[in-house]
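A quick write-up on the structure given underneath.
The values are calculated or read from the model by the stated rules, or taken from the named source; none is laboratory data. Here the structure is a predicted model, which means the values were calculated and not measured. Every residue, glycine among them, receives a Cβ derived from its backbone with ideal geometry; neighbour counts consider all protein chains shown. Keep in mind that these areas ignore ligands, DNA and RNA; they rest on the heavy atoms of the full protein, side chains included. Shrake-Rupley method; radii C 1.70, N 1.55, O 1.52, S 1.80 Å.
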Amino acid sequence: MRSIEKAIPYPEPPLEGEAFVLRPFQESDFEAALRLEQDAAAARWVPPLPAADGAGVAAFYDECRRDGTLLHLVIADRTSDAYLGEVMLALSEHRVGEVGCSVVPVARGRGVATEALVALTDWSFSTLGLGRVQVF
């Protein structure tokens, strides 16, 4: 059971950090996401991609968002739009959300993951009215 009974809206305006913007997954993110999935440091935290191509992955994440179960966003470089990683919010019972994040090696150690998680968590409280958010 999910905590809201409708589609999860995309944050509007998009959530931003000092060096990134959070945006929906695009077909062009597929190769970078596949490399992150195969990265030894991230592999235990990153589930397998839900489809074999960028269009399928984007469609899957959008379907989850429309179902009200998962909001999956790409952490994109603010200047180049390059894929830096992913952040997600899974909704469950009792207005509880779970957030998770993973970033590519070049983005590690710069505070990108922390800043993205804080931005998504703050938004989930203020916009979705969640009662609790936990990190998974």
Taking Cα pairs under 8 Å and at least six residues apart, what relative contact order does the chain come out at, in percent?
27 percent
Within the stretch 54-77, list the residues whose amide N lies under 12 Å from a label point set 7 Å along Cα→Cβ of Glu27.
54-59
What's the magnitude of the charge dipole for the chain around its Cα centre, counting Lys and Arg as +1 and Asp and Glu as -1 at the beta-carbon? Answer in Debye, nearest 20.
380 debye
Treating every alpha carbon of the stretch 1-61 as one equal point scatterer without solvent, the Debye formula yields log10 I(q)/I(0) values at q = 0.24, 0.26, 0.28, 0.29 Å⁻¹ of -1.10, -1.10, -1.10, -1.11
Ordered by packing density, taken as the mean number of other Cβ atoms within 10 Å over each peptide's residues, highest first, how do 50-57, 83-90 rank?
83-90, 50-57
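Show that you can apply the helix-only estimate: for the chain, add -39,500 (n - 2.57) for every DSSP H stretch of four or more residues, divide by all residues, and state [θ] at 222 nm to the nearest 500.
-9000 deg cm²/dmol
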How big is the charge dipole of the stretch 1-54 about its Cα centre, in debye rounded to the nearest 20, if each Lys and Arg gets +1 on its Cβ and each Asp and Glu gets -1 on its Cβ?
260 debye
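Where only protein heavy atoms count, and the probe is 1.4 Å, what is the accessible area per residue for the chain in Å²?
Details: 7160 Å² over 136 residues.
That works out to 53 Å² for each residue.
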For the chain, just say rounded, prolate or oblate: build the C-alpha gyration tensor, square-root its eigenvalues into a ≥ b ≥ c, call rounded for a/c under 1.5, and beyond that prolate if a/b exceeds b/c, oblate if not.
prolate
